[in-house]
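To start, the structure under review is shown below, and the notes come after it.
The values are calculated or read from the model by the stated rules, or taken from the named source; none is laboratory data. Quantities reported herein were computed from a predicted structural model and do not represent experimental measurements. Note that each Cβ is placed from the backbone with ideal geometry, even for glycine, and that neighbours are counted across all protein chains shown. Just the protein is used for accessible areas: all its heavy atoms, side chains included, with ligands, DNA and RNA removed. Shrake-Rupley method; radii C 1.70, N 1.55, O 1.52, S 1.80 Å.
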Amino acid sequence: MPKPKKPEHMLQLLQHFIKHSNQIKQIHSLLITSGRLLLTSQWINTLLYNTLIRAYLNIAQSQTTLVLFTHMLFHQAQPNSHTFPSLCKAASSLSPRLASYIGKSLHCQVLRRGVLGDPYVGTSFIGLYAHAGELGSASKVFDEIFEPCVVSYNAMLDACGKNGDMGLGFLMFSRMPYRDVYSWTSMIHGYMKNGCSEVAVKFFERMMVHEDVKCGLLKPNEATFVSVLSSCTFLDVGVALYLGRQLHAYMVKNEELSVFMTTALIAFYGKMGCLVYASKVFDAIVSKHVCAWNAMISSLALNGREKQALTMYGKMRAEGLQPNEITFVAVLSACARAKLVDFGFKLFEAMSHEFGLVAKMEHYGCVVDLLGRAGLLQEAYEFIKKMPFEADATVLGALMGACRLHGAIELGNEVAQLLLKSQPNHSGRYVQLSSIYAGAQRWDHAAALRKAMLDSGIHKVPAHSYI
């Protein structure tokens, strides 16, 4: 790469290689060694920093993006409305707690520089606060936007869905002067994510009879179909299959089936127990991506075809495809259901040793389930103790379920105490422990636990039927 003398040439190079990791780092090094980031021309300095910040964000180096902002301030380059959206996106890739801390610092900067009124900046902060779990802060930022556009409204709808306030989401949706497909999809996805699957489906039905859809001004996209299909899996099987097949027919008639749409269809039919339909969709895919293989492996494992699921994994590897984190959740689940302990551990170890993947909470939960189903309860407990991070309720819940299955009262009680400590108001955990006591005919313990529930004001969530 030639060494340009003028900063404008540096800027042009940076913009040209905005998504190329090696070139970005080379240009950054040239800027530092040649002193181009200490220029007297203020607007060029700001433009260079903004472009560098965006470049590192494009290559998924969020921490470097944020560090560059501190250098920008140190070198007295003035941030503007183009600086902060990239910084908000970078902060949103961090943990919610850290994102909140950084978000407040950035918020102070935009207030100080008077750019929060810019709709693009405001919308970026709404997304950041939504990720941090601070819906109140997101709402305040939204209220400060003088004339919010549809993008700002959509950001608020997404924030409401992420933070479980669909009441506010519906209010926002009702106030919108104009709604696009992302507005409708955000509401459908929000209801689905918050356990209101029936409402999500009805919202989709409302969308399909809207005047904009009838006139061809609006039509569902792949994200809409994926959210509706996911919602259907939580309905009564008969209703779900009827709606799912209607959706499938509509998708085939009106859309070119994308990778995500076919994957959603395979997952839907798999969850409904219709492996024949799932296989037909899978076999019809000409170029199969990893996500389609993952959905088919999961569908087989879910329907008692664990060995077929593992055979499917072998076929995927034979095709030269690299498994990802979701693949290992699927195959480890298959091993757990088939009680293939040794093979399951080999796969778990292969994640890091062979494929360079970092095991997450879901993978550790699968291994605990694997050991628990095989009756190796003490081994499962020891495995939890050796985890590189604290086990969450799903991992502990898997072990507690295994304790109930195998009548391991003492260990079940020990695990239950850890669960109740992290989820003191979760009625299901009390019921699980009570069932363990009842299964072992320790009626006095079961009665005492149910009394403790009542004394604490905790009630078992009643079951519901669609009949």
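Between a first residue in the range 261-275 that is part of a helix (DSSP H, G or I) and a second residue that is among the acidic types (D, E), which pairs have beta carbons less than 8 Å apart while being 6 or more apart in sequence or on different chains?
Close Cβ pairs (under 8 Å, with a partner that is among the acidic types (D, E)) amount to M261/E222; M261/E255.
Can you tell which of G344, G273 is open to solvent by less than 20 Å² (accessible area, probe 1.4 Å), among the small types (G, A, S) and farther than 21 Å from V259 by Cα?
G344
Whether any residue in the range 23-45 is basic (K, R), modelled with pLDDT of 65 or more, more than 16 Å from L106 (Cα to Cα) and part of a loop (DSSP other than H, G, I, E, B) is what I want to check.
Keep residues of the range 23-45 that are basic (K, R), which gives 25, 36.
Add one more test, that the residue is modelled with pLDDT of 65 or more, and what stays is 25.
So of that shortlist, the ones also more than 16 Å from L106 (Cα to Cα) come out as 25.
When the remaining residues are screened for being part of a loop (DSSP other than H, G, I, E, B), the result is none.
No - not one qualifying residue is present in the range 23-45.
Against the conditions (1) surrounded by 19 or more Cβ atoms within 10 Å (Cβ to Cβ); (2) outside any helix (DSSP H, G or I), where does E147 fall short? Just the number, please.
Of everything listed in (1) surrounded by 19 or more Cβ atoms within 10 Å (Cβ to Cβ); (2) outside any helix (DSSP H, G or I), E147 misses just condition (1).
Against the conditions (1) assigned to a helix (DSSP H, G or I); (2) farther than 18 Å from S230 by Cα; (3) in contact with a helix residue (DSSP H, G or I) (Cβ under 6 Å, 6 or more places away or on another chain); (4) open to solvent by less than 60 Å² (accessible area, probe 1.4 Å), where does G314 fall short? Just the number, please.
(3)
Could you please find all residues in the range 204-226 being in contact with a helix residue (DSSP H, G or I) (Cβ under 6 Å, 6 or more places away or on another chain) and open to solvent by less than 10 Å² (accessible area, probe 1.4 Å)?
Passing the criteria: M207, T224, F225.
Can you tell me which residues in the range 285-299 are touching a residue at least 12 places away in the same chain (Cβ under 8 Å) and either under 23 Å from the mean Cα position of the chain (by Cα) or open to solvent by 30 Å² or more (accessible area, probe 1.4 Å) (or both)?
Residues satisfying the conditions are K288, H289, V290, C291, A292, W293, N294, A295, M296, I297, S298, S299.
For the range 282-304, indicate whether the set of residues that are assigned to a loop (DSSP other than H, G, I, E, B), more than 22 Å from V226 (Cβ to Cβ) and at pLDDT below 95 is non-empty.
Within the range 282-304, one or more residues are assigned to a loop (DSSP other than H, G, I, E, B), more than 22 Å from V226 (Cβ to Cβ) and at pLDDT below 95.
Quick grid of which residues meet (1) hydrophobic (A, V, I, L, M, F, W, C); (2) open to solvent by less than 20 Å² (accessible area, probe 1.4 Å); (3) not in a helix (DSSP H, G or I):
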| position | (1), (2), (3) |
| --- | --- |
| L111 | yes, no, no |
| G122 | no, yes, no |
| F125 | yes, yes, no |
| Y129 | no, yes, no |
| S139 | no, no, no |
| A159 | yes, yes, no |
| G169 | no, yes, no |
| H189 | no, no, no |
| E198 | no, no, no |
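With (1) within 29 Å of T185 (Cβ to Cβ); (2) not in a helix (DSSP H, G or I) as the list, and C88 as the residue in question, which single condition is left unmet?
(2)
In the set F383, F328, which member is of a type outside the set (D, E, K, R) and open to solvent by less than 10 Å² (accessible area, probe 1.4 Å)?
Matching residue, one of F383, F328: F328.
Give just the number: which of (1) open to solvent by 50 Å² or more (accessible area, probe 1.4 Å); (2) within 23 Å of V150 (Cβ to Cβ) does L73 not satisfy?
Among (1) open to solvent by 50 Å² or more (accessible area, probe 1.4 Å); (2) within 23 Å of V150 (Cβ to Cβ), L73 violates only (2).
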